[in-house]
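The structure appears right after this line, and notes come after that.
The values are calculated or read from the model by the stated rules, or taken from the named source; none is laboratory data. This structure is a prediction, so every number in the text was calculated from the model and none was measured. Note: ideal-geometry Cβ built from the backbone for every residue, glycine included; neighbour counts use all protein chains shown.
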Amino acid sequence: MIPRYARPDMVSIWSPETKFRIWYEIEAHACDAMADLGVIPKENAEAVWKAKDVEFDVARIDEIEAVTKHDVIAFLTHLAEIIGNDEARFVHQGMTSSDVLDTTLNIQLTRAADILIADMEALLAALKRRAHEHKMDVRIGRSHGIHAEPVTMGLTFARFYAEMDRNLGRLRAARAEIATGAISGAVGTFANIDPAVEAHVCDKLGLEPEPISTQVIPRDRHAMFFATLGVIASSIENIAVEIRHMQLTEVMEAEEFF
C-alpha cells in the first residue's frame, strides 16, 4: 500500500505480520478440530498454542522461503522452530496451501469491508444531516453540465445519500459473499481431512464453509467483491465531479454541439 495514502487500520490488515498471524490461527484451530476427532494427539494440538503470543519473524520466514521456494512451508518451518519439531509434526496434516491462503485472504477482505462499511455509514449520516440542513438553499441545476433550472442543495445531498445507501447494501452483500473459508485438502475432496475441521475453523474465524471448493475458493466471489468496490468508487467520483461543477460558472457551454 502507498504509505502516503494508507490508513494505519487498513495497513495493519494487509501487513505480513497480520497475514502470518491468521495463517497461524487457521492451523491452530485445525489442529484442535483434528485432535477432537482423534486424528492427531491432543498434546500436539495444545502445543501449537504455545505460539499464541509470539510475533512471527517476517525476515526469518522470507529467509526460509528463499531456500524452500514455498511460502507456506517456510511459515510452517518457522512455526516448528518456535514450538518444536516434535510438537509441530501434525500441523497442516491433510491440508493444502490454498486452504490457508484463500481462507486468510477472505478474512482480510471481510475485515477491510468492515472498515469501509463503517466509513460509509458515517458518510451517509453526514449526507443526511447536510440534506436537511440545506434543504431550502438554492443552487443552479445542470443538464449535460450546463446551467438549467434551479434546484436545492438539499436535493443534491439527498441524491448523494440515495446512491451511497444503495452502495452500502451492495458492500454488505459483497462482504457476506466473500466471508467463506475452505479447509478441504488437495483438490477440495476432503480425502485426507474431515469436513468437521473446516466447520470448526470457519466458526472460530467468523466465516461460512465454502459449499463447493475445488481446492481454491471460487473466484467469482472475489470478482463480485472488487466489482462492488468499483461501483462505489464511481459514485465517489460522481460526487467529486458534482462538487467541482458547483465551483464553476460554465462547463463546456461554448462546445455544446446543438
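Data overview
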quantity: Residue within the range 176-187 that is under 24 Å from the mean Cα position of the chain (by Cα) and of a type in the set (S, T, N, Q) present; calculated: yes
quantity: Odd one out for residue 226 among (1) more than 22 Å from residue 37 (Cβ to Cβ); (2) touching a residue at least 24 places away in the same chain (Cβ under 8 Å); (3) surrounded by fewer than 19 Cβ atoms within 10 Å (Cβ to Cβ); calculated: (2)
quantity: Candidate set from the range 203-223 (those that are closer than 19 Å to residue 188 by Cβ and either in contact (Cβ under 8 Å) with a residue 40 or more places away in the chain or not assigned by TED's automatic domain parsing to the domain that holds residue 165 (or both)); member that is farthest from the chain's Cα centre (by Cα); calculated: 215
quantity: Filtered residues of the range 1-23 (kept if closer than 15 Å to residue 113 by Cβ and at pLDDT below 95); calculated: 7
quantity: Residues of the range 89-121 satisfying the condition of being acidic (Asp, Glu) and more than 14 Å from residue 198 (Cβ to Cβ); calculated: 114, 119, 121
quantity: Residue match in the range 85-99 (condition: closer than 30 Å to residue 226 by Cα and in contact with a Phe, Trp or Tyr (Cβ under 8 Å, 6 or more places away or on another chain)); calculated: no
quantity: Residue within the range 137-154 that is within 29 Å of the chain's Cα centre (by Cα) and surrounded by 17 or more Cβ atoms within 10 Å (Cβ to Cβ) present; calculated: no
quantity: Pair list, Cβ < 8 Å and 6+ apart or interchain, from the range 50-74 residues that are among the polar types (S, T, N, Q) and modelled with pLDDT of 95 or more to residues that are outside any loop (DSSP other than H, G, I, E, B) and crowded, with 17+ Cβ neighbours inside 10 Å; calculated: 68/74; 68/77
quantity: Residue 32, sole failed condition from (1) surrounded by fewer than 15 Cβ atoms within 10 Å (Cβ to Cβ); (2) in a helix (DSSP H, G or I); calculated: (1)
quantity: Cβ-Cβ under 6 Å pairs, at least 6 apart or on other chains, the range 155-176 side assigned by TED's automatic domain parsing to the domain that holds residue 140, far side among the β-branched types (Val, Ile, Thr); calculated: 160/239; 167/232; 170/228; 171/117; 171/228; 174/228; 175/110
quantity: Residues of the range 73-116 classified as within 23 Å of residue 174 (Cβ to Cβ) and exposed (fewer than 15 other Cβ atoms within 10 Å of the Cβ), total; calculated: 2
quantity: Candidates 88, 112 - the one that is aliphatic (A, V, I, L, M), in contact with a helix residue (DSSP H, G or I) (Cβ under 9 Å, 6 or more places away or on another chain) and assigned by TED's automatic domain parsing to the domain that holds residue 73; calculated: 88
quantity: Residue within the range 178-200 that is closer than 25 Å to residue 123 by Cα and out of contact with any Pro (no Cβ under 9 Å at 6 or more places or on another chain) present; calculated: yes
quantity: Unique residue being more than 24 Å from the chain's Cα centre (by Cα), part of a helix (DSSP H, G or I) and not aromatic (Phe, Trp, Tyr) when the list is 130, 89; calculated: 130
quantity: Test: residue in the range 157-180 that is under 30 Å from residue 91 (Cα atoms) and among the basic types (Lys, Arg); calculated: yes
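Rundown of residues vs (1) of a type in the set (S, T, N, Q); (2) over 19 Å from residue 210 (Cα atoms), yes/no style:
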site	(1), (2)
81	no, yes
85	yes, yes
90	no, yes
93	yes, yes
99	no, no
108	yes, no
119	no, yes
130	no, yes
